[in-house]
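What follows is a single structure, written as structure tokens, with notes after it.
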Amino acid sequence: MPGRVAGYTGPQLSNTPRRLAEPHVAVCVDKSRSYGRGVLRGIADYLEQVGPWSMFVDQYAVAQLDEAWLKRWRGDGILAYISNEAAARRLARSKIPVVDVAGSVRFQGLARVVADDRRIGELVGEHFLERQFRRFAYVGPSGTVGESWPDESRFAGFIRTVGGDCCDRYVYPRNPGSLSGWEQEQQKLAKWLTRLERPLGVMAYSDVQAREVLDACSRVGLSVPEEVAVVGVDNDEELCRLSRIPLSSVASNPQKIGFEAARMISRLMSGDGPPFEASEVIVQPRYVVTRRSSDVTAVDDLVVARALSYIHQHASEPISIDDVARAVGLPRRSLYRRFADSLDRTPHQELQRARFQRVRRLLAETELPIAEVAHLSGFESGAYLCTCFKRIQGSTPGEFRERHQNRGRG
């Protein structure tokens, strides 16, 4: 079984009678991925409210529990990342209450708590349209299973938002099989990217595929994000922040999925409703976490594109528009004129926009004091930031932080 530790034999049976009041639950998710860790955090949130379970946590599994074990196990319920139809069929036959947290397979008799994959695609499409992209591409894995496979729903949401006529698609193997196979696939992906018109907005099925796109761009000298902007899915902090160019990604809210899945399996185990009738909860994604890989406005004027890149790279510093003009080798007046020809805002407005994007991200994602948020976002003081923020955002920084951090926990 992929990802299992040496000598692993599955959950061990106990001859000790357990208390009936304490449900016995197997949790099978892949803790090596941020999605699985988020699901576990959500389950923990639920248990803090209702009390403990007797729990087996298989932190390497993706619901590959064999049929013999399922027949012998004296448990009450299973929370599982179900990755294929064979596993779904095996779990459904077991007559043990099961809740799927993957959404890869839709199978009669199994309950699901899953992300709204179509909305994930729409969020990425809206993200690119806000940045004035007109050309789009999608990179996803092969081996899709009709509309139930998340890739298909994410792709459908994406093209519905950006328009199918202006979106190319690249099907990436789910498992290249070897290092040489991966190298060959990267070369093919890079060649495909060079054939597409640019500037180009690329949505990837996951952060893993998005990193492959970044690698392919590097191989053929495509500039990210000025020529190719990239957004992944799942907001895996390690993968996104350790990329050569920090990766933008959709925060899909796995913690909420874990919480709702725990609540559903609790209901099924208690017999509150038909225990084996499939039910479904769709959890809305949070937002696109914008990092360098898509932090750009698409323009055909390469000088303006360089100016935008400079602004977004240095927005947290006390730069002026004269600094921007010098960086791209233009007089200040010429820079304003070329911005007017390419965009609906001035260089100064773009600088303010970049700074406020950073402010909003720091408020939503950190507990840093307002004065430090101001310093890290290019504002001269916390008081000045509060004045500007109230005028533009319509609320104080503190009100914005409370609203958005509470939304993330929900």
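What follows is calculated from the coordinates using simple rules that are stated; it is not laboratory data. Everything quoted here is computed from the prediction, not taken from an experiment. FYI the Cβ positions are ideal-geometry reconstructions off the backbone, even for glycines, and counts take in every protein chain you see.
Structure notes:
- Alpha-carbon Debye profile of segment 18-129, log10 I(q)/I(0) at 0.19, 0.22 Å⁻¹: -1.03, -1.28
- Peptides ranked, highest mean first, by Cβ atoms within 10 Å: ranges 291-297, 394-400: 291-297, 394-400
- Counting DSSP beta bridges with both ends in the chain, the antiparallel % (nearest 5): 10 percent
- Cα-based helix-to-principal-axis angle, 254-270 vs the chain, degrees rounded to 10: 20 degrees
- As a length-normalised measure over Cα pairs under 8 Å and 6 or more apart, the relative contact order of segment 302-409 settles at 25 percent.
- Normalised contact order of the chain, rounded percent, pairs of Cα under 8 Å and 6 or more residues apart: 14 percent
- Cα centroid separation, segment 316-333 to segment 342-404 (Å): 21 Å
- Within straight-line cross-link reach of Lys95, aspartates and glutamates at Cα separation under 18 Å, skipping those fewer than 8 residues along the same chain: Asp66, Glu67, Asp76, Glu85, Asp272, Glu277, Glu280
- On the basis of the beta-carbon distance and an R0 of 30 Å, Arg326 and Gln349 show a calculated FRET efficiency of 0.95.
- Put simply, when 120-128, 361-369 are sorted by average Cβ atoms within 10 angstrom per residue, most first, you get 120-128, 361-369.
- Once the Cα atoms are used to define both axes, helix 150-162 deviates from the longest principal axis of the chain by about 30 degrees.
- Think of each Lys and Arg Cβ as +1 and each Asp and Glu Cβ as -1; about the Cα centre, that makes the dipole of segment 302-409 roughly 340 debye.
- Sorting 199-208, 131-140 by average packing, meaning the other beta carbons within 10 Å per residue, from highest down gives 199-208, 131-140.
- Stretching the chain fully between Val57 and Arg134 yields a gain of 23.1 nm (0.36 nm per residue, less the alpha carbon separation).
- Base-10 log of normalised Debye intensity for the chain (one unit scatterer per alpha-carbon) at q = 0.12 Å⁻¹: -1.01
- According to the calculation over all Cα-Cα pairs in segment 220-349, the P(r) per 10 Å bin from zero is 11, 28, 23, 15, 10, 8, 4, 0 %.
- Kirkwood hydrodynamic radius of segment 302-409, Cα pairs, Å: 14.7 Å
- Across the options Val208, Ala229, Gly38, the greatest Cα extent toward the positive end of the charge dipole of the chain (unit charges at beta carbon of Lys, Arg, Asp, Glu) belongs to Gly38.
- Aspartates and glutamates with Cα under 17 Å of Lys191, excluding same-chain neighbours fewer than 8 positions away: Asp168, Glu183, Glu212, Asp215, Glu227
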